[in-house]
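Colleague: Please find one structure pasted underneath; my questions will follow.
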Amino acid sequence: MTNKERVLKTLNHEQPDRVPFFYWGVPEFTTKMMNHFGFSTRDELLEFLDVDFRWVEPDYIGPELINLAEGRKKDIWGVEYQLVGRGDLKYWDILSSPLKGVTDPVALDDYTWPTIGLFDFSVLDAQVEKYKDFAIMTAPGFSSPGLFRIIKRLIGQDEFLDVMMYHPKFFNHLIDKVSEFYERFIEAFFEVTGSRVDFIRFSDDFGSPDGLIVSNETWAEVVKPVYDRFLQIPRKLGVKFYMHSCGGVRKLLPEFITTGADVLDPMQTRAVGMSPQGLKKDFGRYITFCGGLDEEMLLRKSTPSRVKEGVNELLDIMAPEGGFILGPSHKYKVETPVENVVAMYEAAREWKYKV
């Protein structure tokens, strides 16, 4: 069974030869793990772990975005970041939200928005051919369409709800600007790949550890129409919809499913309403869950033997009858012990479906 066949079988809620594996880590952890084993490429690491997914994305060919000497970078939306922390524990923190405090819709017409001319999509052809035996998805970052995730960074996390509530004309115009870019991006992307990509990954966070941060009404009225437009081309090609949202999003699961989500990632089991037992019982027939293994308390702070116990406990609940992909409940952090991540995949390879 190929890696692709394994993933697609579990999406059909059938039991493959083993549970499919997903990998998701901050770049610093991936580098640490590669150095630990002496690997020179990310692909070598994924092959060692027997991960079933591969990411593809166009090449960014625009102006330089990262200045490591100054510890600064921009993203394609103009949001500025600063490298903070010490030693190995460094991360990019938002330094400047360029539309913070702006509420005049006219100002958005004068803003410099990203265009698809920043990318070379032709490179995708070789990537999808290289990974044809794996489950292929659009890479995290600019290749994973989003909406609220981007708007929060543009206007400021703390200002987001106030702007949405009290400045609806500005907020709706901002939605139009973000979605216009992604509709063009998706068209250019799939013009090259066609149906050879298995998943389009959307990345937004609609939950926190304590529950939803947007209502079902907001999802239905604001987000769903945009997502439906994003999905028009992928749906015609038979491409699956991989929905990323952190947090306690149980109450939005019927909305995700109605919109056509095939997978929910990363399944943060410590968030409100996200217990594996309840999710499997109530939604396991309708959507595939990815993630689930606690990154914060188990992978980051426990031991390899306890990690293996946690893997077995999780798979006993989630893996029967398919519909589950093993991965972390959030990105592997740079401080996560390499041996714990290795133990996670080792335990999953050893775990067997019960007859």
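Colleague: What are the principal axis extents of the Cα atoms in the range 111-150, in Å, biggest first?
Modeller: If we take the Cα atoms of the range 111-150, the spans are 41, 22, 9 Å.
Colleague: Return the sequence-ordered ³J(HN,Hα) values of the range 36-43 in whole Hz as given by the Karplus equation 6.51 cos²θ - 1.76 cosθ + 1.60 applied to θ = phi - 60°, using x for Gly and Pro.
Modeller: Residue by residue, the range 36-43 yields 4, 9, x, 7, 9, 9, 5, 4 Hz.
Colleague: In the range 212-284, what percent of the accessible surface is made up of carbon and sulfur (1.4 Å probe, ligands and nucleic acids excluded)? Show your work: numbers first, answer last.
Modeller: On the way: 1480 of 2910 Å².
On the range 212-284, the fraction of accessible area on carbon and sulfur atoms equals 51 percent.
Colleague: Further question: Residue by residue, what Karplus-based ³J(HN,Hα) values in Hz, rounded to whole numbers, does the range 129-143 have, using 6.51, -1.76 and 1.60 with θ = phi - 60° and x for Gly and Pro?
Modeller: Values per residue, Gly and Pro as x: 5, 4, 9, 4, 8, 10, 6, 9, 9, 5, 5, x, x, 5, 8 Hz.
Colleague: Can I ask one more? Hey, rough spin-label estimate for Leu237 and Tyr60, points 7 angstrom out along Cα→Cβ, what's it come to in nanometres?
Modeller: Here the answer is 2.2 nm between the modelled labels.
Colleague: Can you give the relative contact order of the range 75-206 as a percent, counting alpha carbon pairs under 8 Å and 6+ residues apart? If you can, show how the numbers build up before the last one.
Modeller: Values: 138 pairs, mean separation 46.0, N = 132.
It comes to 35 percent, rounded to a whole number.
Colleague: Could you tell me whether the range 167-235 comes out rounded, prolate or oblate from its Cα gyration tensor? Rule is a ≥ b ≥ c as square roots of the eigenvalues, rounded for a/c under 1.5, then prolate if a/b exceeds b/c, otherwise oblate. Could the numbers behind the result be given before it?
Modeller: On the way: a/c = 2.65, a/b = 1.54, b/c = 1.72.
Verdict is oblate for the range 167-235.
Colleague: Then there's this: Return the distance in nm (one decimal) between the two label points of a simple spin-label model at Arg184 and Thr41, each offset 7 Å from Cα along Cα→Cβ.
Modeller: 3.3
Colleague: Counting helices only, and only those DSSP H runs with n ≥ 4, report the 222 nm mean residue ellipticity of the chain as the sum of -39,500 (n - 2.57) divided by its residues, in deg cm²/dmol to the nearest 500. Please list the in-between numbers first.
Modeller: Working: 14 runs with 137 residues, N = 355.
Helix-only estimate at 222 nm: -11000 deg cm²/dmol.
Colleague: Highest mean first, what order results for 245-254, 221-230 on Cβ atoms within 10 Å? Kindly include the intermediate steps, with their values, before the conclusion.
Modeller: Working: 245-254: 21.2, 221-230: 16.3.
Going by the mean number of other Cβ atoms within 10 Å, highest first, we get 245-254, 221-230.
Colleague: For the range 130-179, what is the convex hull (Cα atoms) projected area averaged across all directions, in square nanometres? Don't jump to the answer; show the numbers that get you there.
Modeller: Numbers: hull surface 17.8 nm².
So the Cα hull casts an average projection of 4.5 nm².
Colleague: For Lys352, give me every one of the aspartates and glutamates with a C-alpha distance below 17 angstrom, ignoring sequence neighbours fewer than eight places off in its own chain.
Modeller: Those aspartates and glutamates meeting the cut-off are Glu14, Asp17, Asp50, Glu309, Glu313, Asp316, Glu321.
Colleague: Only bridges with both residues in the chain count here: give the DSSP antiparallel percent, nearest 5.
Modeller: Numbers: 16 of 38 bridges.
That works out to approximately 40 percent antiparallel.
Colleague: Kindly identify the range 176-299 as rounded, prolate or oblate by the Cα gyration tensor criterion: order the square roots of the eigenvalues as a ≥ b ≥ c, call it rounded if a/c is under 1.5, otherwise compare a/b with b/c, prolate if a/b is larger, else oblate. Let's see the in-between values first.
Modeller: Working: a/c = 1.98, a/b = 1.59, b/c = 1.25.
Because a/c hits 1.5 or more and a/b exceeds b/c, the range 176-299 counts as prolate.
Colleague: As I understand it, the dipole of the range 155-218 uses +1 on the Cβ of Lys and Arg and -1 on the Cβ of Asp and Glu, about the Cα centre. Which of Leu174, Ser195, Thr218 lies farthest toward its positive end?
Modeller: Comparing the listed Cα positions along the dipole, Ser195 ranks first.
Colleague: Could you sort out which of Lys100/Lys177; Lys4/Lys281; Lys169/Lys224; Lys280/Lys354; Lys251/Lys281; Lys240/Lys333 sit more than 21 Å apart by Cα distance in this structure? Before the final figure, lay out each step's value.
Modeller: Values: Lys100/Lys177 16 Å; Lys4/Lys281 26 Å; Lys169/Lys224 18 Å; Lys280/Lys354 17 Å; Lys251/Lys281 15 Å; Lys240/Lys333 28 Å.
Lys4/Lys281; Lys240/Lys333, as the Cα separations exceed 21 Å there.
Colleague: Let me know the shape class of the range 70-132, please: from the alpha-carbon gyration tensor, a ≥ b ≥ c as square roots of the eigenvalues, rounded when a/c is under 1.5, otherwise prolate if a/b is greater than b/c, or oblate.
Modeller: Values: a/c = 3.56, a/b = 1.19, b/c = 3.00.
Oblate, because a/c is 1.5 or more while a/b does not exceed b/c.
Colleague: Could you tell me the relative contact order of the chain? Use alpha-carbon pairs under 8 Å, at least six residues apart, and round to a whole percent. The partial results should precede the final answer.
Modeller: Values: 621 pairs, mean separation 77.5, N = 355.
Computed over the chain, the figure is 22 percent.
The values are calculated or read from the model by the stated rules, or taken from the named source; none is laboratory data. From a predicted model like this one, the values you see are computed outputs, not experimental measurements. Note that we place each Cβ from the backbone using ideal geometry, even for glycine, and neighbour counts take in every protein chain shown. What goes into the accessible areas is simple: the full protein's heavy atoms, side chains included, and nothing from ligands, DNA or RNA. Shrake-Rupley method; radii C 1.70, N 1.55, O 1.52, S 1.80 Å.
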